[in-house]
Amino acid sequence: MERISKENYYLDIAQTVLERATCLRRVYGAIIVNNDEIVSTGYNGAPRGRANCVDMGYCPREAMQVPRGERYELCRSVHAEANAIISAARRDSAGGPPYLVGKDARTGALLGDATSCSMCRRLVINSGLERVVIRRTATAFDVVPVADWVAEDDLLPPGGAGGAPEGA
């Protein structure tokens, strides 16, 4: 019998976690693993005590026609990575990777382009996590070094932190 890889083992668990998600657009599940032990799990859903989009029957961002990847402050959900980080003590999770899986809420299809939004990337960076394992297909995944997210600081103008953008 051939065993699945550790990465796919943990990604399968993250994929099970996403079954609790309450978003009508995209559902995500995340787990944080350190020293080969699951430290915490998280899925996307409204903050505790607030109505979830599945309960309301609509997505406010969709109702406002907000394009994908924009205006996350209008989203009712706390993202899966954020919920996993909130549930984990830094001392228990620093150095370990989160495993992330995303699906289209309507079709159930895996998201081959799943990734963390810029806000969640900041949380991952500050949590001391070193890499993120993201499922692409049922068996394929990418391992993203968090150092890459630090280096490609998406909030700085072209040319870096030294002032005005190039050509300005």
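Tabulated data for the structure shown
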| item | result |
| --- | --- |
| Qualifying residue in the stretch 65-75 (condition: in a helix (DSSP H, G or I), surrounded by fewer than 12 Cβ atoms within 10 Å (Cβ to Cβ) and at negative phi) | yes |
| Residues satisfying the stated conditions in the stretch 126-139, i.e. at pLDDT 90 or above, under 17 Å from SER40 (Cα atoms) and among the hydrophobic types (A, V, I, L, M, F, W, C) | VAL132, VAL133, ILE134 |
| The stretch 139-151: number of residues that are open to solvent by 50 Å² or more (accessible area, probe 1.4 Å), touching a strand residue (DSSP E or B) at 6+ places or on another chain (Cβ under 8 Å) and either farther than 15 Å from GLY29 by Cα or without any contact (Cβ under 8 Å) to a residue 40 or more places away in the chain (or both) | 3 |
| Top-ranked residue of the stretch 108-123 - restricted to ones that are over 16 Å from TYR43 (Cβ atoms) and not in a loop (DSSP other than H, G, I, E, B), ranked as least open to solvent (accessible area, probe 1.4 Å) | SER118 |
| Subset tally (residues that are in contact with a helix residue (DSSP H, G or I) (Cβ under 7 Å, 6 or more places away or on another chain), touching a residue at least 12 places away in the same chain (Cβ under 8 Å) and part of a loop (DSSP other than H, G, I, E, B)) for the stretch 47-64 | 1 |
| Qualifying residues in the stretch 15-46 (those that are among the polar types (S, T, N, Q) and part of a helix (DSSP H, G or I)) - the one most open to solvent (accessible area, probe 1.4 Å) | THR16 |
| The stretch 86-107, subset within 19 Å of ASP12 (Cα to Cα) and among the aliphatic types (A, V, I, L, M), residue surrounded by the most Cβ atoms within 10 Å (Cβ to Cβ) | LEU100 |
| Scope the stretch 47-59; condition open to solvent by 40 Å² or more (accessible area, probe 1.4 Å) and not β-branched (Val, Ile, Thr); matching residues | PRO47, ARG48, GLY49, ARG50, ALA51, ASP55, MET56, GLY57, TYR58 |
| Qualifying residue in the stretch 30-40 (condition: within 29 Å of PHE141 (Cα to Cα), polar (S, T, N, Q) and free of Cβ contacts under 8 Å to residues at least 60 places away in the same chain) | yes |
| Failed criterion for ALA82 (all others in (1) open to solvent by less than 20 Å² (accessible area, probe 1.4 Å); (2) part of a helix (DSSP H, G or I); (3) modelled with pLDDT of 95 or more hold) | (3) |
| Test for PRO98: is it of a type outside the set (A, V, I, L, M), at pLDDT below 95, touching a helix residue (DSSP H, G or I) at 6+ places or on another chain (Cβ under 9 Å) and closer than 23 Å to GLY128 by Cα | yes |
| So GLU62, is it under 16 Å from VAL27 (Cβ atoms), at pLDDT 90 or above and open to solvent by less than 30 Å² (accessible area, probe 1.4 Å) | no |
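The values are calculated or read from the model by the stated rules, or taken from the named source; none is laboratory data. Quantities reported herein were computed from a predicted structural model and do not represent experimental measurements. Using ideal geometry, Cβ is built from the backbone for each residue, glycine included, and neighbour counts are taken over all protein chains shown. Quick note on the areas: whole protein, heavy atoms, side chains included, nothing else; ligands and nucleic acids left out. Shrake-Rupley method; radii C 1.70, N 1.55, O 1.52, S 1.80 Å.
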